[in-house]
Each structure stands twice: as structure tokens, then as C-alpha cells.
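Coordinate-derived values only; no laboratory data. Note that the coordinates shown come from a computational prediction; the quantities given were computed from them, not determined experimentally. No Cβ is skipped: glycine too gets one built from the backbone with ideal geometry, and neighbour counts run over all protein chains shown.
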Amino acid sequence: MSVYVYAITKDAHPLDLSDTEGVGDPPGELRVVRAGSLCAVVSECPDDLSMARRDLEAHHQVQERLWTEGPALPLSFGFVAADDDAVRGVLEERAQLFGQRLDELAGRAEFNVKGVLDEDTVVRAVLEENAQARELNRRTLEGGGAYDERLALGQLVAQEVQGRQDALAEEVLAGLRPLAQAEKVAPPSQQYFVSASFLVTDDRSEEFGRAGQELAERYGEGVELRIRGPLPPYSFV
Amino acid sequence: MTVVPQGNGGGVPAAAGGGGSGNLYDVLELVLDRGLVIDAFVRVSLVGIELVKIDARVVVASVDTYLRFAEAANRLDLESGKKAPAQLTDIVEGSVESGAHGKSKGALSGAVEAITDSFKGGGDEDKEEDEDKDEDAERRPAREKRRERGERRSERRSTRDREE
């Protein structure tokens, strides 16, 4: 019978799994597979494991619960072992690696920062601050103006928007970087002008949260900074 | 400006069990894309993962993009133009600004809904085909919505405003 694997901890971890349920419907019962000084938290793998909210949420909640009580290496969603022996095999084989990483992550948590720039707001700002864009916009209003002018306007606005996004992203990263031990920055996307995870020691956790808040307040409407944390260190395992 | 602080800043994760769906969206790519990967285990097939992953496209330099931005600039100018009565302008601006939060959530939550729906419905129907037939924009996967962002922007906004 295959087992769904959530996380790896040391055997010193309290592993209190009461009130926490696994993936599947009905929710799988969480249990611990032990090998040497390491433990893996697992449950029976449901036949219909899927990326539905039910299972994603269960996976994440197990990680949060474990992380609250001590260092844990969160697995990525969806990993299944053939049986308990296969889990024990991996724990034994990679005991040193896992143990070392757990030590390194002790007393540290991940913070994830995402920035969303409202397009209307930034385009409006470009129009307000750039006379050339204003002029091109005036000429192309209501279907007027030549195709070239329309294209020139779009190119100018796109460049300005990109420039503002990049500058904003760098500002956010520069503001938070000094408080973190490590960072993992996701490539730029259309959705977020910045998306980064930081590894933060517990004693700086509060400071980091405050710095993020202050940073967020510095910007006006149209810039949304979403800071999530402390989280299990998904990005630093 | 909207800040979504989580937890209480005291080094304690957000209350256990408090993981509402709103919380899940922001950590979705961490749960799916990050985390420990153990090659000795099998990863279950993650059907639909590409719908949930962040759209990694940068603002590309293309004629389409330029025209879209030109259109956005034109439209904004009209919305806040002098022709509109002052009150109307205020309403439009207010809704644009307060819309930022809902809008940013839209894409990902849409994706999760779509995936959840597709699994709950036990559907093994061909999704690609289905997308073309399905004219109900609210139930379409985010990927599809995003592709249409340019053309459908104003339409989608009015939908959203009705909901709010």
C-alpha cells in the first residue's frame, strides 16, 4: 500500500499530530515512520490524490503544524513511496544530508513576498509624468492618429511600466535583503512585479515583518505587497 | 496600499487550521514548485499544474503588447476624461483602485477553482476542446483568461464590479 510523504524531521521533534489530518477524503490518518535519528510523517495515499484544494490545503497544514513545533523538511506536494520500507530506506540512505539540513534550518523560517502592481494605476502614472506619452495618447484617442503613433505610444508606455516594475522590485528586495539569511527570487512574471522568498532567523522574524509593512506603506494605492510568513522553509530545503 | 501580513510577526505561524483558501493561493507555488524533492519516491501526476504555476512571461516587446498598452492608455484617459461628470469620474477611479486586490487574486483563485471543479466533476473530458466551447468566462482556467486579458479587460472589470 503506497504512502504519501509530507515531511522529514529529527526524532527529537515532538511530532504532535493531533487535530491535523492528511490528504484524501476521508482524510488520511497521519503517522510516523522512523529510521535511525530521523522520522518521516506519512499517511496512506488516497487513490484520487489530486491538485484539488482539499489535498493541497491538507499538505500545507501538515507542514505548518510540524514547522511550528520544530525543524522539518517539507516535501513538495505529491510524493508517494511504495511502502514504509521504502521510506525507511531513503531516511537511512540520506540520513547525513537530511540531518545536516535540519540543523541548518533550525530557528529559521521562510517569508514570501509578492508584489502586485495595478496596471491602470501605473499606466495613469506614466501618462501623468511623461509628456510624450500624453501627447501620443491625445493624438490616438478614440481611434484617431496613425498606426505608428499608436504603436509608439504602446511601446513608450510598456517601457515605462517595465522600468517602474523593475525599480520597485529592486527597492523591495534591497529593503528586505539585509534582514534575511538567504533569498530565492522568482523570475519576473506578468502577475507579480516581485516574488521572492527569504530565509529569516526567528529573532529577526518580527523585524522582517515590520520592515515589510513599512515598505508596503511607503507606496500608494495600486501597489500591493503581500507578505506571508513565517512559513515552513519550502524554498530552502 | 494593501498589506496582507500573516501570522502575528512573533515567529509563530498563522493559527493552525486557519488556512482558509485565501491563504492557500499565496503559498500555492511554494507547495507545488518548492519543497523537498525525493527522486526515490514517485510524484503523482499533477494534472493541470501548468494552470496554477505563475505566468512566467515578462512584459514582452511585441506589437500586440504595445497595442494593448496603447489601448489601456486611451481607455484610462477616456475614463477619467473631462467629459465625464465629476461624480462619475470619482466612482470609476474608486472602483479601479479598490479593485486592485480582487483583481490580483483573480487569476490564481480562478485556476484553483477550475482545477477543483475539473476534479470534483470527475471530468476526464478533453480540456482544450472544452475551453473553446465554454463561453462562461468565470469558469474558464486562468491561462485562458490571461491570454485574453488585453481584449477582455474592460468587460471583465464590469463583471467584477457587479460582484463586489
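Going by C-beta contacts inside 10 Å, put A:Thr68, A:Thr140, A:Thr201 in order with the fewest on the left.
So the ranking, lowest neighbour count to highest, is A:Thr201, A:Thr68, A:Thr140.
Efficiency by 1/(1 + (r/R0)^6): what FRET value for A:Glu104 and A:Glu221, r their Cβ-Cβ distance, R0 = 45 Å, to the nearest 0.05?
For R0 = 45 Å, the calculated efficiency reads 0.65.
Which net charge results when you count Lys and Arg as +1 and Asp and Glu as -1 among the other residues whose beta-carbon is under 11 Å from that of A:Val185?
Here the charged neighbours net out to 0.
Remind me, what semi-axes does the stretch A:1-45 give for its equivalent ellipsoid, largest first in whole Å, using sqrt of 5 times each Cα gyration tensor eigenvalue?
Largest first, the stretch A:1-45 gives 19, 12, 6 Å.
Grab the Cα-Cα distance for A:Gln96 and A:Arg177, subtract it from 0.36 nm times how many residues apart they are, and report the gain in nm with one decimal. List each step's numbers first, then the result.
Details: separation 81, 0.36 × 81 = 29.16 nm, distance 2.99 nm.
The A:Gln96-A:Arg177 span can extend by a further 26.2 nm.
Taking the dipole about the Cα centre of chain A, with the C-beta of Lys and Arg at +1 and of Asp and Glu at -1, give me whichever of A:Leu231, A:Ser189, A:Ala109 is farthest to the positive side.
Value computed over the given set: A:Ser189.
At what distance in angstrom do the alpha carbon centres of the stretch A:1-37 and the stretch A:152-223 lie from each other?
Spelled out, the Cα-based centre of one part sits 35 Å from the other.
Semi-axes of the equivalent ellipsoid of chain A: what are they in whole Å, largest first, if each equals the square root of 5 times a C-alpha gyration tensor eigenvalue?
Semi-axis lengths for chain A are 47, 21, 14 Å.
Using a 7 Å offset from the Cα along the Cα-to-Cβ direction at both A:Glu207 and A:Ala82, what is the distance between the two label points in nm, to one decimal?
Spacing of the two 7 Å Cα→Cβ label points: 5.0 nm.
Most mobile of A:Arg108, A:Arg134, A:Arg31 per a Gaussian network model of chain A (Cα springs, under 10 Å)?
A:Arg134
GNM, chain A, Cα, under 10 Å: largest mean-square fluctuation among A:Val123, A:Val62, A:Val194?
A:Val123
Provide the per-residue ³J(HN,Hα) series for the stretch A:208-216, in order, calculated from phi with Karplus coefficients 6.51, -1.76, 1.60 and θ = phi - 60°, each as a whole number of Hz, with x at glycine and proline positions.
Computed from phi, the couplings for the stretch A:208-216 are 5, x, 5, 4, x, 4, 5, 4, 4 Hz.
Can you give the Kirkwood hydrodynamic radius of the stretch A:109-236 from its Cα pairs, in Å with one decimal?
It is 16.2 Å.
In a Debye calculation with equal point scatterers on the alpha-carbon sites of the stretch A:105-157 and no solvent, what is log10 I(q)/I(0) at q = 0.17 Å⁻¹?
-0.59
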